[in-house]
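Derivation of every value follows stated rules applied to the coordinates shown; laboratory data play no part. All values derive from a computational prediction rather than experimental measurement. Here Cβ is always computed from backbone atoms with ideal geometry, including for glycine, and neighbour counts include all displayed protein chains.
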Amino acid sequence: MLSNLREQLKKHLEQSLKKKLPATVNLPSIELDIPAEKIHGEFSCNIALKSAKLLQKSPIAIAEQFCAIVEQALPANTQLNGKIAKIEVKKPGFINFFLTPAALREIITDIFRDGNNYGRSTHGQDKKVQVEFVSANPTGPLSVAHARQAAVGDALANVLNFIGFKASREYYVNDGGNQINLLGESIKCRAVELLGGTAELPENGYQGEYVKDMAKEFIAKAKIENLADINKQDPVSFKNYGVDHLLGVIRKDLEDFNVHFDCWTHETKVATKDSINAILDLLQKKGLLYEKDSALWFRSTDFGDDKDRVVRKSDGSYTYLLPDIVYHRNKYDRGFEKLINLWGPDHHGYIPRIKAAAQALGKSPDSLTVLIVQLATIYRDGKPVSMSTRRGEFISLREVIDEVGVDAARFFFLMRHINAHLDFDLELAKKETPENPVYYIQYAHARIHSINKKAQEAGLKQRENSFSLLNAPEELDLIKKLGSFPDMLFVCYHELDPYALMQYLHELAMVFHKFYDQHRVIGEDTNLSSERLALANATKIVLANGLRLLGLSTPERM
């Protein structure tokens with residue numbers, strides 16, 4: 001793997017410079033980056049630039065001095081023997097390292113050795129992480145905004161688990177509060193209308209056709225025959241039915257979207273009267289509560305919030321913040337060392353107060369990360385589709401799945417960084433052409449399967465080791481791209497965003513297609529063909545590993 005070579009080279013730099021430089025010189029940390037352009041080699045180091053002020057010399061002069069020291073020490077380094085083709089200095093003071101083709105070809109051996117585990121690591125050391133995402137109120141079907149969170153959260157959890165964390169997916173069911181009451185009132189209103197009566201929807205009530213459908217089903221299940229029977233119903237039964245019904249719809253939609261949660265936590269079961277009183281007692285003992293204007297306030301400014309927050313209103317009801325504090329304490333009590341919440345942009349202003357709550361519970365602010373996943377706009381025939389859950393004018397996740405399929409839907413929701421707005425073109429997602437990025441990637445995987453079929457018919461077997469004939473620029477470029485897969489997973493981890501993986505797979509498919517267009521895999525030279533077949537199959541392994549992490553299928557024909 002390139003990551004192993006980079007670590008070996010980094011260690012070589014540190015040790016060789018330490019031996020040759022005066023003991024009084026304390027150099028900055030040495031880092032090796034992968035240059036954006038291949039003309040600068042496989043790795044680039046800026047230690048000379050970072051040391052200019054310390055050594056009182058020009059960066060280019062320092063780079064030349066360090067380069068000479070490193071080159072002189074290379075022959076004695078058995079790990080790097082035969083792996084460094086050249087080292088060069090480039091203005092304004094970069095030291096660039098070029099690997100030999102033999103060193104690069106070892107990546108193919110690594111891929112076949114690890115197979116489905118290529119790129120897997122123990123970096124996370126089994127640290128317990130909770131990823132809470134979607135968590136939509138059960139007041140309607142999942143919208144495309146929730147769908148984007150679902151695709152991001154699920155892929156992120158996959159990556160975290162792959163690199164050694166114990167990531168648990170959690171859905172927080174907001175089945176308390178006024179929105180749920182409005183849902184129940186809306187269902188009752190539609191039930192009255194279905195039985196010939198008149199009723200006015202409550203302000204901010206839910207207007208979608210799905211509410212009418214639920215009202216019809218409620219009437220049938222409760223065996224209601226007339227308006228008098230409606231009035232005999234416990235008012236709570238309407239909202240309870242609505243929550244149960246919509247949760248069933250949400251679960252089914254998510255399962256069909258290949259998103260499976262490890263835990264479904266209900267607000268009504270966590271934020272009980274006893275647990276709320278326990279939190280109030282805890283905050284009171286810490287001196288973090290005070291009364292003002294007949295309301296109870298949380299001193300969130302003690303932890304960096306711009307103002308203190310009300311947790312209990314003057315009428316005795318609780319704000320959303322209090323059950324959320326209870327819920328986050330519940331998370332920590334379950335042993336999670338790191339909490340990751342994926343929220344919509346309308347919750348951006350809520351971040352400081354929930355971070356303050358975590359600190360009030362005695363936790364480090366770094367133990368809780370809130371990721372804001374920007375909204376997605378759906379385009380049909382070049383025109384944006386307006387969306388409003390309450391008015392019932394929206395495209396649901398189910399509609400997107402039915403129209404473009406699971407793979408295209410998941411991929412398109414990952415096509416931008418989470419902090420960027422996403423435009424989702426339904427027509428593009430349905431195209432089976434290279435213009436469609438998910439088709440382009442999966443086609444590379446299917447193409448390699450087809451190559452293997454032809455190789456089998458020709459009696460050709462792939463080379464298992466020693467790939468000395470792979471020297472063409474397109475072959476070496478493909479090997480280097482394969483070798484960067486593990487590093488790319490760490491980019492996803494550090495950014496807490498699976499976008500880099502999606503981008504990487506598209507680039508890998510592009511490099512593979514270029515290799516395939518330039519070179520015949522199955523040709524007259526049997527030895528060369530067997531090595532190129534091995535290179536193609538190494539690519540297939542990495543493509544499959546990446547696609548699975550994104551929750552996508554690995555088709556064998558398209």
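A DSSP coil position with no more than 15 other Cβ atoms inside 10 Å describes the following trypsin sites (Lys or Arg not before Pro) in segment 417-479: K431, K461. Remark: segment 86-223 is approximated by an ellipsoid whose semi-axes, taken from the C-alpha gyration tensor as √(5λ), come to 57, 18, 14 Å, largest first. Run a plain Debye calculation on segment 2-99 (Cα atoms as equal point scatterers, no solvent) and give log10 I(q)/I(0) at q = 0.16, 0.17, 0.21 Å⁻¹, rounded to two decimals, same order as the q list. Treating every Cα as an identical point scatterer, log10 I(q)/I(0) equals -0.62, -0.70, -1.09. Using helices alone, I'd like the mean residue ellipticity at 222 nm for the chain: each DSSP H run of four-plus residues gives -39500 (n - 2.57), total over residue count, nearest 500. So the helix-based figure for the chain works out to -16000 deg cm²/dmol.
Here the Kirkwood formula, the inverse mean of 1/r across different C-alpha pairs, assigns segment 1-50 a hydrodynamic radius of 12.0 Å. Go through segment 196-277 and name the GluC sites (Glu not before Pro) that are in a DSSP coil and have 15 or fewer other Cβ atoms within 10 Å of their Cβ. Here the sparse-neighbourhood loop sites are E200, E203, E225. Helix 2-20 and the longest principal axis of the Cα set of the chain meet at an angle near 60°. Extension gain for L194 to T526 (0.36 nm times residue separation, less C-alpha to C-alpha distance): 112.0 nm.
Treating r as the C-beta distance of H348 and N178 and R0 as 22 Å, the FRET efficiency rounds to 0.50.
When both bridge partners sit in the chain, DSSP labels roughly 50% of those beta bridges antiparallel. With the charge dipole of segment 298-352 set up from +1 on Lys and Arg Cβ and -1 on Asp and Glu Cβ about the Cα centre, the Cα lying farthest toward the positive end among the listed residues G344, T301, L322 is that of L322. Dipole size of the chain about its Cα centre, with +1 on Lys/Arg Cβ and -1 on Asp/Glu Cβ: approximately 1560 debye, rounded to the nearest 20. Considering only L422, Y172, M502, the residue lying farthest towards the positive end of the dipole of the chain is M502, judged by Cα position with unit charges set on Cβ. Taking 21 Å as the limit for the C-alpha separation, the pairs K86/K514; K11/K540; K331/K355 exceed it in the case of K86/K514; K11/K540.
With respect to the chain, whose longest principal axis is taken over its alpha-carbon atoms, helix 351-360 is tilted by about 90°. Distance from the Cα centroid of segment 181-214 to that of segment 242-261 is 22 Å (rounded to whole angstrom). Other residues with beta-carbon under 9 Å from the beta-carbon of Y379 carry, at +1 per Lys or Arg and -1 per Asp or Glu, a net charge of -2. Note on the chain: Kirkwood hydrodynamic radius from all Cα pairs is 27.4 Å, rounded to one decimal. A dipole drawn for segment 2-99 from +1 and -1 charges on Cβ atoms has a positive end, and of C45, I60, N4 the residue lying farthest that way is I60.
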